[in-house]
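Participant: The structure is given below, and queries will be raised subsequently.
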Amino acid sequence: MQKVRMIAQGRVQGVGFRWGVVTLALEIGGITGRVWNNDDGTVEILAQAESSATMAKFIQEIRKGPTPFSKVTYLDVQMSNFSSYSDFKVAN
């Protein structure tokens, strides 16, 4: 199981970014986790996948921006260790 923590900077709040991340995870399949806005204007993503190829595709698509109006200028990706999730959704 590969688990990553990502922090996206750029035009990532107010453009449907979080819902785009959820939709992307569902479209790719095999990815579970959470996504939320941070107070500093970034978006944080915890994602896990069995396949490293699946995770690589997910990260690549996040870098492009999951919605037409989003623009990721920087994406910090780090291996992480967190509780496992059974779905992917926006966290409160």
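Participant: So is THR23 farther than 13 Å from MET1 by Cα, touching a residue at least 24 places away in the same chain (Cβ under 8 Å) and of a type in the set (S, T, N, Q) or not?
Facilitator: yes
Participant: For the chain, which strands (runs of 3 or more DSSP E) that fit wholly inside it have 3 or more residues that are open to solvent by 60 Å² or more (accessible area, probe 1.4 Å)? If you could, list the steps in order and put the result at the bottom.
Facilitator: On the way: elements: 2-11, 31-37, 43-49, 71-79, 88-90.
In the chain, the matching strands (runs of 3 or more DSSP E) lie at 2-11, 71-79.
Participant: Taking interchain pairs and intrachain pairs at least six residues apart, which have beta carbon atoms under 9 angstrom, with the first residue in the range 35-54 and closer than 16 Å to THR73 by Cβ and the second of a type in the set (Phe, Trp, Tyr) and part of a loop (DSSP other than H, G, I, E, B)?
Facilitator: Filtered contacts from the range 35-54: no entries.
The values are calculated or read from the model by the stated rules, or taken from the named source; none is laboratory data. Quick caveat: nothing in here was measured; it's all calculated off a predicted structure. Glycine gets a Cβ as well: all are built from the backbone with ideal geometry, and neighbour counts include every protein chain shown. We work out accessible area using only protein heavy atoms, side chains counted, and drop any ligands, DNA or RNA first. Shrake-Rupley method; radii C 1.70, N 1.55, O 1.52, S 1.80 Å.
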